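The values are calculated or read from the model by the stated rules, or taken from the named source; none is laboratory data. The model shown is predicted, which means the values in this text are computed figures rather than measured ones. So basically every Cβ, Gly included, is an ideal-geometry build from the backbone, and we count neighbours across all protein chains shown.
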Amino acid sequence: MIDLTGILTEDQIALRQLIHDFLAKEVVPYAAEWDRDAIFPMETYKKGCEIGLNALELPAEYGGVGLSALDLAIAMEEVCWADAGFGATLGAHGLGMKPLLIAGSEAQRKHFAEIVLDKKGLSAFALTEPNAGSDAGATATTARRVGNEYVINGRKCFCTNAEYADIFTVFATVDKSLGIKGITAFTVDRDTPGLTVGKHEDKMGQRSSVTNDVVFEDMVVSESQRIGDEGKGFKIAMQTLDRGRAGAAASAAGVGRAALEHCVKYAKERCTMGKPIIEHQAVQIMLADMATAVETSRQIGWYVARLIDAGNLKEAAKVGAMSKCYATDALMKTCTDAVQIMGGYGYSKEYPVEKLFRDAKLFQIFEGTNQIQRTVIASALKREY
Ligand code: CAA
């Protein structure tokens with residue numbers, strides 16, 4: 001790890017070291033096996049709860065670690081340096097939690113905290129549907145009001161953590177004719193009758209995180225489970241995703257850093273034409289670009305995090321979209337070059353960069369595709385000038 005004394009506070013340096021050491025011991029040695037067999041490492045997650053991985057963002061008043069957005073970005077770089085799938089699990093858990101921090105009631109937050117802290121539970125963010133991915137406003141899952149309850153019907157897909165989640169944040173429309181103004185958020189326990197976790201996706205990368213369909217059949221929830229007012233769900237979802245993007249950029253920096261570390265080591269050992277390949281200018285150019293991408297991704301992620309911590313959410317939404325698409329596109333290039341530098345070994349499953357290449361791809365797709373990020377940036381520019 002690079003020395004950041006004087007740049008980060010002593011507490012941030014200690015946090016970074018704590019998370020790094022835990023992951024180097026408990027995740028790095030097993031990540032290839034989890035990837036090969038698509039294993040979600042529940043025992044490791046539970047061990048991680050002892051250093052607060054289940055409650056990084058949960059405010060201290062609810063018993064959590066209460067990290068700032070900047071602290072969280074620092075932590076997520078380390079997590080994704082170790083294993084992007086483990087990072088996706090924690091990132092999606094954060095997405096499940098954020099709506100409650102944005103608009104949840106005191107009772108909802110306390111209930112969430114009990115599940116996460118006492119049961120070492122996980123949460124999931126159930127927004128995406130077969131016909132409402134990039135177009136989140138097309139949510140078709142319905143929440144029909146009956147007295148002081150809602151009856152929810154519909155199907156979510158690509159829901160990270162669903163298989164093991166103890167609590168879900170669910171988005172459904174109370175009236176489809178209202179468009180996005182009908183979308184409403186709910187907090188739902190896993191054991192609620194009518195909630196079924198379906199198909200497990202057999203993914204290309206980030207295979208230690210689980211991704212499933214979730215089906216709701218006449219699932220009854222009470223009014224007290226509604227997060228915020230009726231019709232506010234779309235905004236809550238957007239604000240949640242805005243706050244997640246600093247983490248996505250920092251996560252990309254972590255995966256890119258892992259690729260860079262493998263490649264520099266390899267390039268110093270591997271010789272062609274009588275010298276280590278790190279002495280060849282063509283390889284130096286790729287390594288220099290990789291290192292620059294890691295640094296700039298980290299910095300833009302931290303900048304967005306600082307905007308969030310300062311409460312400048314409008315700017316954070318725009319620059320957050322920039323950070324997500326810049327850092328994750330840069331990551332894809334970094335991992336493509338990593339495979340190139342290692343040649344045949346880079347393409348082989350025996351060596352780690354092949355996994356990083358597959359893991360990288362998902363970053364360009366989830367938490368809003370990079371095309372959608374550019375739409376968000378362009379919309380902000382239209383308003384700004
Ligand atoms: N914050 C607050 N409000 C916002 C907002 C934001 N960031 N973005 C939009 N809004 C508000 C607008 O102000 C507008 O409100 P008014 O009607 O009151 O003016 C309203 O929402 C509609 O805005 P738009 O017209 O911009 O909405 P749109 O329908 O064109 O969609 C979109 C915008 C940005 C494309 C949105 O649909 C979107 O973000 N799509 C991507 C969804 C996404 O990221 N999905 C990933 C889910 S997580 C995941 O990957 C799964 C996992 O488990 C990891």
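Miscellaneous remarks
- Residues considered: Val221, Val215, Val210. Of these, the only one that is touching a residue at least 60 places away in the same chain (Cβ under 8 Å), within 13 Å of the ligand (Cβ to nearest atom) and farther than 30 Å from Val319 by Cβ is Val210.
- Residue among Ala124, Ala136, Ala82 that is closer than 17 Å to Gly247 by Cβ, within 14 Å of the ligand (Cβ to nearest atom) and touching a residue at least 40 places away in the same chain (Cβ under 8 Å): Ala124
- Hits in region 367-383 (condition: charged (D, E, K, R) and either more than 14 Å from the ligand (Cβ to nearest atom) or within 13 Å of Ala321 (Cα to Cα) (or both)): Glu367, Arg374
- Scope region 224-265; condition among the aliphatic types (A, V, I, L, M), within 29 Å of Ala31 (Cα to Cα) and either in contact (Cβ under 8 Å) with a residue 40 or more places away in the chain or in contact with a strand residue (DSSP E or B) (Cβ under 8 Å, 6 or more places away or on another chain) (or both); matching residues: Leu241, Ala246, Ala248, Ala249, Ala250, Ala252, Ala253, Val255, Ala258, Ala259, Leu260
- Test: Tyr351 is over 23 Å from Thr240 (Cα atoms) and touching a His at 6+ places or on another chain (Cβ under 8 Å): yes
- Of all the listed residues (Asp359, Asp337), the sole one being among the acidic types (Asp, Glu), buried (at least 19 other Cβ atoms within 10 Å of the Cβ) and under 17 Å from the mean Cα position of the chain (by Cα) is Asp359.
- Test for Gly147: is it at positive phi and at pLDDT 95 or above: yes
- Residue in region 227-235 that is surrounded by fewer than 24 Cβ atoms within 10 Å (Cβ to Cβ), within 16 Å of the ligand (Cβ to nearest atom) and part of a helix (DSSP H, G or I) present: yes
- Selection of strands (runs of 3 or more DSSP E) fully inside region 85-197 by the criterion of at least 1 residues being among the basic types (Lys, Arg) and buried (at least 20 other Cβ atoms within 10 Å of the Cβ) returns 149-160.
Condition check ((1) closer than 20 Å to Trp302 by Cα; (2) among the hydrophobic types (A, V, I, L, M, F, W, C); (3) not in a helix (DSSP H, G or I)) across all residues:
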| position | (1), (2), (3) |
| --- | --- |
| Ile19 | yes, yes, no |
| Phe22 | no, yes, no |
| Trp34 | no, yes, no |
| Phe40 | no, yes, yes |
| Lys46 | no, no, no |
| Ile51 | no, yes, yes |
| Glu57 | yes, no, yes |
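- Positions within region 1-17 being part of a helix (DSSP H, G or I) and either within 26 Å of Leu356 (Cβ to Cβ) or touching a helix residue (DSSP H, G or I) at 6+ places or on another chain (Cβ under 9 Å) (or both), in sequence order: Asp11, Gln12, Ile13, Leu15, Arg16, Gln17
- Residue that is nearest to the ligand (Cβ to nearest atom) [pool: residues in region 62-78 that are farther than 18 Å from Ser123 by Cα and part of a helix (DSSP H, G or I)]: Ala69
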